[in-house]
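Note sheet for the following structure.
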Amino acid sequence: MTDLMEKDILTKVSRYNLIRSQRMIYIDVHESLAGNLAGKFVAVPNLINLIAKQEYQGVGATELEALDNCLARIKNHDIEDLFPTASPTETENLRL
C-alpha cells in the first residue's frame, strides 16, 4: 500500500441491512487494510450520508465480533436515537 499518504486509512467494507420498525439502516463493517482504526474491524450504522454516534459503533477482532458488538449497542434504541441531529461538523468524529 505504498501509494497511500501517511495518515490515510484504507478499509474493505461488508454491508449489512437492519430493518427495524419497517425502516432500514445499513451497518458497514470496515476491515482495516492500511492505517489505524479503533480495532481490526469496526461496524458503523449509517444512512449513507449520516453516520451513527460513536457509542453505537461496534469494534472487534473479527467481522462478526464487530457486528455483534454494534448490534448489542443499538438493541434497545430507536433508529432516531442512533444518529446525531446537530451540524455535520459534529458527525465527523467517527470511531474510524
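Any read-out appearing in this document is the output of simple, stated calculations on the displayed coordinates, not a laboratory observation. Quick caveat: nothing in here was measured; it's all calculated off a predicted structure. Neighbour counts run over all protein chains shown; Cβ positions are idealised from the backbone, glycine included.
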A correct Stokes-Einstein calculation for the chain, using the alpha-carbon Kirkwood radius, 10 °C and 1.306 mPa s, returns a whole-number D in µm² s⁻¹ of 116
Listed with the fewest Cβ neighbours within 10 Å leading, 24, 5 appear as 5, 24
For the chain, longest principal axis from Cα atoms; helix 63-74 axis from its Cα atoms; angle between them, nearest 10 degrees, is 40
Here segment 17-34 yields Karplus 3J(HN,Hα) values (6.51, -1.76, 1.60; θ = phi - 60°; whole Hz; Gly and Pro given as x) of 10, 10, 9, 9, 6, 6, 10, 10, 10, 9, 10, 9, 9, 9, 9, 6, 9, 8
Taking 26-34, 39-47, 69-77 and ranking on average Cβ neighbours within 10 Å, highest first, one gets 39-47, 26-34, 69-77
Mean separation of Cα contacts under 8 Å (at least 6 apart) over the residue count of segment 10-76, i.e. the relative contact order in percent, is 24
In a Gaussian network model of the chain with springs linking alpha carbons closer than 10 Å, the residue among 62, 85, 11 that fluctuates most is 85
Once amide hydrogens are built 1.01 Å from N within the peptide plane, the residues lying 5 or more places from residue 20 or on another chain with amide H under 5 Å from its amide H are 25
